[in-house]
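I have placed the structure first, in the form of structure tokens, so that the comments after it can refer back to it.
The values are calculated or read from the model by the stated rules, or taken from the named source; none is laboratory data. Here the structure is a predicted model, which is why all the values come from computation and not from measurement. Virtual Cβ from ideal backbone geometry, glycine too; neighbours counted across all protein chains shown.
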Amino acid sequence: MTQGPRRWLFVLTILVGSFLLFQVQPMVARMVLPKLGGAPAVWNSAMLVYQALLLGGYAYAHWLGRFEIRRQATIHLALFLVAALWLPLGIAQIGSPAPGQEALWVPLLLLASIGPVFFVVSAQAPLMQRWFAADPRAGDPYYLYAASNLGSFAGLISYPALVEPNMPLATQSWGWTAGYALLVLVVAASAAARWNSHAIHDDAAKSTEEPRPTLRRQLHWLLIAAVPSGLMLSTTTHLTTDIVAMPLLWVLPLGLYLLSFSIAFSNSESIKSTFRVIAPAVLLIAGGQALLSTSGGTMLIALMSLVMLFVVATALHDYLHHLRPSPRYLTLFYLIMSAGGVLGGLFAALIAPLLFDWVYEHPILVLAAAMLMPLPALLPWNEWFKIDRPLRIVVLLLLLAAFASYSLAVNWDGTFNGANGAWAALILAVGLLVIAWRWAYIIALGLLMLGVGGAETLKSSTEGMRTRSYFGVYTVTDDTYRHQRRLAHGTTLHGLQRTDKGDELEPTTYYGHRSGVGLTLDKAEQLAGPNAAVGIVGLGAGTLSCYRRPGQAWTIFEIDPAMARIARDPSKFTFLSKCAPNVPIVLGDARLQIAEMQPAQFDILVIDAFSSDAIPLHLLTKEAIGIYARALKPNGILLIHISNRFFDLEPVLAAEAKARGWSAAIRLDPSPSDKDPQRIDFGNLTGSNWVALSATQQRLDQLTGGTQPRAKADEDGAWVPLRAQPHFERWTDDYASTLPVLLWGHLIGKRE
């Protein structure tokens, strides 16, 4: 292939534009944290906005292609200058969302904040490829799309790894502005390199004589593009909801999705053929667990889901590359691809949460991938054994798989024991044998889904004990053997009530009498008198409400109306209805709601606001603690729950206490089984870590009785000093990196 003139310039322009485009996504998501927090649905809504703006940029590039290069360049550079009015990047000042309106508010906020800038930068990939192809010596422009997505991948991954840990948001914004200026310069240079060229090289276009793609072919492009886009978002939701709320997980699916384009649109035919062959098997193995909702945070399942996304997206995008038209219809091709991305995003981010009470969009998209993906036979057994009519054997194999699926579903207990593993292996083997027969392959995949946890997932939905909201999936389950009713947010326990008579109002899980919050609320009268004012951030099942005593003034803050409905429903939990039926519940983000209150409202303020197991970063910054300090009465006590599987948050609060000159202590309450392995508690109580902070040492000593040496942390009622981290930088709204407090060993299942 002949080398086109200034090839390096067009590669550089596309790399810079794509890098900036996907640096801005996590940056703006970080900026919006103080306004709404970091629920998976927030990220999915943001992704939908990005995809819509990308579609707009591609449509603009397609429209621009009707003009000569000179006029295209003039219009495009002028639009760059207009969009520069939105620099440096920041969050638009619009009103906070009403409870339940977040799904509409997040897109509006992002459009107002970065819409014009994102729009003009997003046009880079198709427009630069079109300019590149305007020279007849340039060759195939589609490989530049691989460079585009490589730049996107680098921009996305470098943010949490390099940019966020080393730069405050203000510096990040100005750095991005400098990158924008560089992009304008290289776009201008690219325009100069093609100034005398036509938008399309007429001779090349006429020589191909390729007719305009039919509507059916365009629809095929649309569907193939939609499935990986939706699968990327559904994988994000599925992992963070029902597999493991692993930090940085929201970035990984998008990064793998982008990387799949780089491989699919490259010229590495041997690598792409490998993905084509293994994709059906990977989809069967990992996609067969897409209906699983009882993994309890298994990292292996999370890893398999990410591998499936990457392999399947690469195979489908390679199929798109195979179906690409001539360069004459390049911008039309990318426009339809982008529309497919928006279609998949709409389904996964907006439509599915309204239709389903669980992340059913994930298995639906897995089946859609099976319908669209090329299916080369992995094991061509009919050729090996010279079988001319294998249909009867295929039917028998499917019947065998159906029997195995039924047996697995009946015997499923949430774990893979020997019998369960054997039945699952049998269905999987049948699926691998019938890959070449699409309808049989899809049936085998569906049977595997139903067998491996799918029947249990569907049963929970039919029983009406599951609720889905913008902030996650909540499931209420009964354990008659242990006499418990449990509330789970994804895989994280958010409440438990004992159902045996006489004990139903006893505090459970993280909130027992020996926990930090139990010790504090039991002493509320001693600390602040009989009329103590208490604020609780995070409702859960309402367990803490039973610490309320007559005369005390309580206020509960809850961001999710769905959680409030669950806690108030006596058919589900009775803590609230029996212990604090008249306590006001303030709906909305607690940080924003408390900031609007009059100062000096609370003697005790409890912060217990984890979303699944995700870290509430915007509730732990200098500005957030300042809001709580303003809401506390003189000598009030701030109590923060920091139990977490993946973060050690002690250094965060230790640095904050030191900066404010406050006194602080932590209660590390072990679970009963940790203290006494012979004790049978049936999981009513759970180990928890609570940090108490106060402006005066005297008030803290009144609560703790004086801190004990760290070695005595597991003694009943013992408060110990916070463990600081040397050179830890205080978290602010402008700068906060989670990497220094990430428990890397816990990501692979290790425990200290």
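Taken across segment 82-96, residues that are surrounded by 20 or more Cβ atoms within 10 Å (Cβ to Cβ), under 30 Å from L354 (Cβ atoms), at pLDDT below 85 and not β-branched (V, I, T) do not occur at all. All conditions in (1) in contact (Cβ under 8 Å) with a residue 12 or more places away in the chain; (2) of a type in the set (D, E); (3) part of a helix (DSSP H, G or I) hold for D357, with the sole exception of (3). Out of the residues in segment 430-484 meeting the condition of being assigned to a strand (DSSP E or B) and more than 25 Å from the chain's Cα centre (by Cα), tell me which one is nearest to L104 (Cα to Cα). Here the answer is D478. Evaluated against (1) closer than 26 Å to A488 by Cα; (2) touching a residue at least 60 places away in the same chain (Cβ under 8 Å), T543 falls short on exactly one condition, (2).
Only one of the listed residues (L408, L433, L346) is crowded, with 22+ Cβ neighbours inside 10 Å, touching a residue at least 12 places away in the same chain (Cβ under 8 Å) and more than 18 Å from A290 (Cα to Cα). That residue is L433. If you go through segment 256-273 and keep only what is small (G, A, S), in contact with a Phe, Trp or Tyr (Cβ under 7 Å, 6 or more places away or on another chain) and surrounded by fewer than 23 Cβ atoms within 10 Å (Cβ to Cβ), you end up with S262, S266.
In the set (1) at pLDDT 85 or above; (2) touching a helix residue (DSSP H, G or I) at 6+ places or on another chain (Cβ under 9 Å), G516 fails one condition alone, (2). For L576, the test of being at pLDDT 90 or above and not β-branched (V, I, T) is passed.
Here R66 clears all of (1) assigned to a helix (DSSP H, G or I); (2) modelled with pLDDT of 80 or more except the condition numbered (1).
Look at L632 and say whether it is hydrophobic (A, V, I, L, M, F, W, C) and within 19 Å of E729 (Cα to Cα). Answer is no for this residue.
On the given criteria, is P141 under 34 Å from the mean Cα position of the chain (by Cα) and under 30 Å from P740 (Cα atoms)?
On the way: under 34 Å from the mean Cα position of the chain (by Cα): yes; under 30 Å from P740 (Cα atoms): no.
So P141 does not fit the description; no.
All conditions but one from (1) in contact with a strand residue (DSSP E or B) (Cβ under 7 Å, 6 or more places away or on another chain); (2) over 21 Å from S688 (Cα atoms) apply to L639; the one that does not is (2).
Within segment 358-383, the set of residues being under 18 Å from V312 (Cα atoms) and in contact with a Lys or Arg (Cβ under 9 Å, 6 or more places away or on another chain) comprises A370, M371, M373, P374, L375, P376. Residues in segment 577-604 that are crowded, with 18+ Cβ neighbours inside 10 Å, assigned to a helix (DSSP H, G or I) and among the aliphatic types (A, V, I, L, M): A590, I594.
Selection of first residues in segment 361-374 that are outside any helix (DSSP H, G or I) and of second residues that are of a type in the set (K, R), restricted to Cβ pairs under 9 Å at least 6 apart or on distinct chains, gives the following pairs, ordered by first then second residue: M373/R276; P374/R276.
Kindly establish whether G540 is at negative phi, surrounded by 23 or more Cβ atoms within 10 Å (Cβ to Cβ) and in the same structural domain as I637 (by TED's automatic domain parsing).
Numbers: at negative phi: no; surrounded by 23 or more Cβ atoms within 10 Å (Cβ to Cβ): yes; in the same structural domain as I637 (by TED's automatic domain parsing): yes.
No.
Checked against the criteria, T314 counts as within 22 Å of G151 (Cβ to Cβ) and not assigned by TED's automatic domain parsing to the domain that holds I435.
Can we say A147 is in contact (Cβ under 8 Å) with a residue 24 or more places away in the chain and in contact with a Pro (Cβ under 6 Å, 6 or more places away or on another chain)? No; evaluated as a whole, the condition is false for this residue.
Assess whether A112 counts as being in the same structural domain as A181 (by TED's automatic domain parsing), more than 14 Å from F22 (Cβ to Cβ), without any contact (Cβ under 8 Å) to a residue 24 or more places away in the chain and out of contact with any Phe, Trp or Tyr (no Cβ under 7 Å at 6 or more places or on another chain).
Details: in the same structural domain as A181 (by TED's automatic domain parsing): yes; more than 14 Å from F22 (Cβ to Cβ): yes; without any contact (Cβ under 8 Å) to a residue 24 or more places away in the chain: yes; out of contact with any Phe, Trp or Tyr (no Cβ under 7 Å at 6 or more places or on another chain): yes.
In short, yes.
Across segment 46-93, which residue is farthest from A189 (Cα to Cα) among those that are among the β-branched types (V, I, T) and in contact with a Ser or Thr (Cβ under 9 Å, 6 or more places away or on another chain)? My answer is I91.
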